[in-house]
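Asks: Please see the structure below; I have some questions.
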Amino acid sequence: MRCLRALAAAASMALAARAAVAQVGHAPGQSPYRDIRKGHSITGMFGHISGNGGVFGVAPHDGYSYGIRYDIKNGSPIQIGIGFARADLERLIFDPSIPPENRTSVPVKQAVSFAEFNLAFNLTGGKSWHRLAPFIGGTIGMAFPSLTAEDTSGFDFGHKVYFAPAVGMRIFFTERLHVRAEARGTFWKVTYPAAFGQGEEWTTTPWLLIGLGYSFSP
């Protein structure tokens with residue numbers, strides 16, 4: 001943890017120095033850099049989850065999500081937050097007792113709820129550049145799927161811990177109002193019953209998000 005804090009501090013100092021150098025020669029009102037407002041922000045998010053549901057296609061995937069996130073930012077480039085979302089997804093029903101040549105499967109609906117903790121590092125430090133603020137980050141969360149009564153194969157997706165590295169951009173219209181776009185790779189482990197002939201696998205599920213955020217002070 002000390003190493004991570006040291007690296008983050010060093011990166012922050014380097015970005016701040018670069019921003020200061022870049023502003024030399026600009027009148028204050030004409031600088032391409034603007035301070036990002038400190039405090040709190042609320043963002044309504046809409047997204048699309050893709051992926052293939054693992055080797056058998058039985059894990060939830062392919063559908064739209066909607067949710068909300070709450071973030072806190074102080075004077076550093078680090079921003080922390082929490083998020084809640086729900087996704088209306090599809091998955092396949094797979095019956096391992098049927099010979100492959102006769103096996104057919106149609107998608108069924110499965111809703112999944114998400115609760116997560118987010119950490120983001122603003123690549124332009126505490127400022128935006130021409131109202132743009134790119135970031136990298138990561139998410140750890142828990143997924144809670146609904147039941148699918150149609151599945152008699154014994155497969156149960158269950159409650160899943162997931163990890164999601166991300167890259168994204170915030171575009172500021174005003175000091176308070178911004179659009180947030182984010183691309184994630186969501187990793188979770190899928191465990192199969194013995195009849196499937198495969199124990200478990202880690203799958204990657206892409207998740208694209210866009211939202212409208214509002215910043216305020218406490």
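The values are calculated or read from the model by the stated rules, or taken from the named source; none is laboratory data. Note that the structure is a prediction, hence the values are computed from the model and not measured. In this analysis, Cβ positions are derived from the backbone assuming ideal geometry, glycine residues included, and neighbour counts consider all displayed protein chains. Keep in mind that these areas ignore ligands, DNA and RNA; they rest on the heavy atoms of the full protein, side chains included. Shrake-Rupley method; radii C 1.70, N 1.55, O 1.52, S 1.80 Å.
Asks: What nm value, rounded to one decimal, do you get for the distance between residue 86 and residue 175 when each label is placed 7 Å out toward the C-beta?
Replies: Each label point lies 7 Å from its Cα, and together they span 3.7 nm.
Asks: Here is a further query. Using a Cα-Cα cut-off of under 17 Å, which aspartates and glutamates could be cross-linked to residue 38, ignoring same-chain neighbours fewer than 8 residues away?
Replies: Once the sequence-local aspartates and glutamates are set aside, what remains near residue 38 is 71, 175.
Asks: Let me ask something else about it. Roughly how much of residue 175 is accessible, in Å² to the nearest 10, using a 1.4 Å probe?
Replies: Its heavy atoms expose roughly 110 Å² to the probe.
Asks: What accessible surface, in Å², does a 1.4 Å probe find on residue 95, ignoring ligands, DNA and RNA and rounding to the nearest 10?
Replies: About 50 Å², rounded to the nearest 10.
Asks: On a C-alpha basis, how far is the centre of region 117-141 from the centre of region 180-198 in Å? Whole number, if you could?
Replies: Centre-to-centre distance over Cα atoms comes out at 26 Å.
Asks: Then there's this: Determine the sum of side-chain charges near residue 147: Lys and Arg each +1, Asp and Glu each -1, restricted to other residues whose C-beta is under 13 angstrom from that of residue 147. If you can, show how the numbers build up before the last one.
Replies: Details: positive: 91, 109; negative: 150, 151, 156.
Cβ neighbours under 13 Å give a net charge of -1.
Asks: In nanometres, what is the gap between the two model label sites at residue 46 and residue 146, each 7 Å from Cα along Cα-to-Cβ?
Replies: 2.0 nm
Asks: Further question on the same structure: For region 137-218, give the magnitude of the charge dipole about the Cα centre (Cβ charges: +1 Lys/Arg, -1 Asp/Glu; no others), in debye to the nearest 20. Mind dumping the intermediate values first?
Replies: Details: 6 positive and 7 negative charges, 95 e Å.
Its charge dipole is roughly 460 debye.
Asks: What whole-number value in Å² describes the accessible area per residue of region 31-184 for a 1.4 Å probe? Before the final figure, lay out each step's value.
Replies: Numbers: 7350 Å² over 154 residues.
Result: 48 Å² of accessible area for each residue.
Asks: Further question on the same structure: Mind checking the full-extension length gain between residue 31 and residue 210? Use 0.36 nm per residue of separation minus the Cα-Cα distance, one decimal, nm. The partial results should precede the final answer.
Replies: Values: separation 179, 0.36 × 179 = 64.44 nm, distance 2.76 nm.
Extending this stretch completely gives an extra 61.7 nm.
Asks: Choose one of 167, 206, 195: the residue whose Cα lies farthest towards the positive end of the charge dipole of region 114-218 (beta-carbon charges +1 Lys, Arg; -1 Asp, Glu; about the Cα centre).
Replies: The residue sitting most towards the positive pole is 167.
Asks: Hey, can you grab everything whose amide H is under 5 Å from the amide H of residue 93? Only 5+ residues off in sequence or another chain; H modelled, so Pro and N-termini drop out.
Replies: Placed amide hydrogens put 106, 108 under 5 Å from residue 93.
Asks: Could you please state how large a percent of the accessible area of region 63-218 is carbon and sulfur, counting protein chains only and using a 1.4 Å probe?
Replies: Details: 5290 of 7870 Å².
The C+S portion of the solvent-accessible surface of region 63-218 is 67 percent.
Asks: Taking Cα pairs under 8 Å and at least six residues apart, what relative contact order does region 71-218 come out at, in percent?
Replies: For region 71-218, the relative contact order is 18 percent.
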